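In what follows, a structure is listed as structure tokens, so that the remarks can point back to it.
What follows draws every value from the coordinates through simple rules; no lab data is involved. None of the values given here were measured: they were computed from a predicted structure. Positions of Cβ are generated from backbone atoms using ideal geometry, with glycine treated the same way; all protein chains shown enter the neighbour counts.
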Ligand SMILES: *Cc1c(COP(=O)(O)O)cnc(C)c1O
């Protein structure tokens, strides 16, 4: 079996967790802030808030930016449901912007057209969640120009994209957004088991997210409404959650972060190899297009079965690969076609570019432990599927 994604845990990772297990702290202690600082430094930003997973990070990011009932959040239909659900958690209305057919990211032109209409109708969004699909940055410069013009905040859902670059700067630096979110789920670039992080340049936003991560409780006397009763005193000043990351997870994360450049290099080499072989073989497929101003972290290698040229359907190619023990996947079923969102009034046909992409997409195996031999197996199985 060749999985589409897989974590990479070595002896140094195991040692880091064992050391943590026998230390004074299992839940949030000194290792969580050390991990936060290491990620913030690497991404060239000021503040990072580690939480239980990226879904929680998206939730507190929306709340910290003031999203609530009566507000609107827009995102891409080609993402994991969490990119949209964070808006619903806050009682906001969710809507989508269709994707660019080349990058599979939110299309800035479609965004602008929708903003022009929304301004006339008084339905402008408060937040736009830009998803860096497969690890390639959205066109953040264009999105941030629109953000200033139309007055919305931007969250980058960079769950796929830690280690990626945009205009030579690390994704997460926050030049074009308010908050950037990473996921440390085992299939992503680095892992903490479950885990996520929200990065920002803004001290006040970071402070709000830290409160929301832990019940809305503060021990900082400057934030309290009365003089402290003593060292035991705390006050709940907002309605937060228990979204704290543990020191066990942070220890794994810190160790994984020391290995991230090797992970990225391996993923980029494998992606180059897929590109080279698949393009020279002239298969009826579309390989992932890369904007010259971006460097992807290559979370996913997505091909499209060209429906006009291929004799086999996506379903047939998918089943053929699965029967050969190759655990391909599909990213993603358009969110607006999920039953929950259909109940909210979305219909098939609402976002045609996303829907057309979905009918043709397959994610091929791509992870750090994929060998050249296994990659050749994937390629040969794909060739046979398309010859059938
Ligand atoms: C994985 C993922 C999430 C959710 O991450 P968790 O850490 O599992 O909560 C959100 N958005 C995107 C785009 C993802 O790929």
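A quick yes/no check of all residues on (1) within 30 Å of residue 373 (Cα to Cα); (2) without any contact (Cβ under 8 Å) to a residue 12 or more places away in the chain:
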| residue | (1), (2) |
| --- | --- |
| 4 | yes, no |
| 14 | yes, yes |
| 19 | no, no |
| 35 | no, no |
| 67 | no, no |
| 78 | no, no |
Per the list (1) farther than 19 Å from residue 137 by Cβ; (2) surrounded by fewer than 22 Cβ atoms within 10 Å (Cβ to Cβ); (3) away from the ligand (no atom under 12 Å from the Cβ), residue check on residue 246 breaks on (2)
For the range 37-64, which residues satisfy the criterion of being within 12 Å of the ligand (Cβ to nearest atom) and part of a strand (DSSP E or B)? 50, 51
Could you count how many residues in the range 1-34 are under 14 Å from residue 210 (Cβ atoms) and touching a helix residue (DSSP H, G or I) at 6+ places or on another chain (Cβ under 7 Å)? 2
Does the range 244-253 contain at least one residue that is touching a strand residue (DSSP E or B) at 6+ places or on another chain (Cβ under 6 Å) and farther than 25 Å from residue 309 by Cα? yes
Being in contact (Cβ under 8 Å) with a residue 12 or more places away in the chain and either within 16 Å of the ligand (Cβ to nearest atom) or on the phi < 0 side of the Ramachandran plot (or both) is true for just one of 192, 280. Which residue is that? 192
State all residues of the range 126-136 that are away from the ligand (no atom under 13 Å from the Cβ) and buried (at least 22 other Cβ atoms within 10 Å of the Cβ); if no residue qualifies, say none. 127, 128
Any residue in the range 149-162 that is farther than 19 Å from residue 66 by Cβ sitting within a Cβ distance under 6 Å of a residue that is assigned to a loop (DSSP other than H, G, I, E, B) and within 9 Å of the ligand (Cβ to nearest atom)? List the pairs, counting only those 6 or more apart or interchain. 158/132; 160/132; 160/299; 161/132
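Residues are listed down the side, and each one gets a yes or a no for (1) touching a residue at least 40 places away in the same chain (Cβ under 8 Å); (2) under 30 Å from residue 18 (Cβ atoms); (3) more than 15 Å from the ligand (Cβ to nearest atom); (4) touching a strand residue (DSSP E or B) at 6+ places or on another chain (Cβ under 8 Å):
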position: 176; (1), (2), (3), (4): no, no, yes, yes
position: 179; (1), (2), (3), (4): yes, no, no, yes
position: 199; (1), (2), (3), (4): yes, yes, no, yes
position: 203; (1), (2), (3), (4): yes, no, yes, yes
position: 213; (1), (2), (3), (4): yes, yes, no, yes
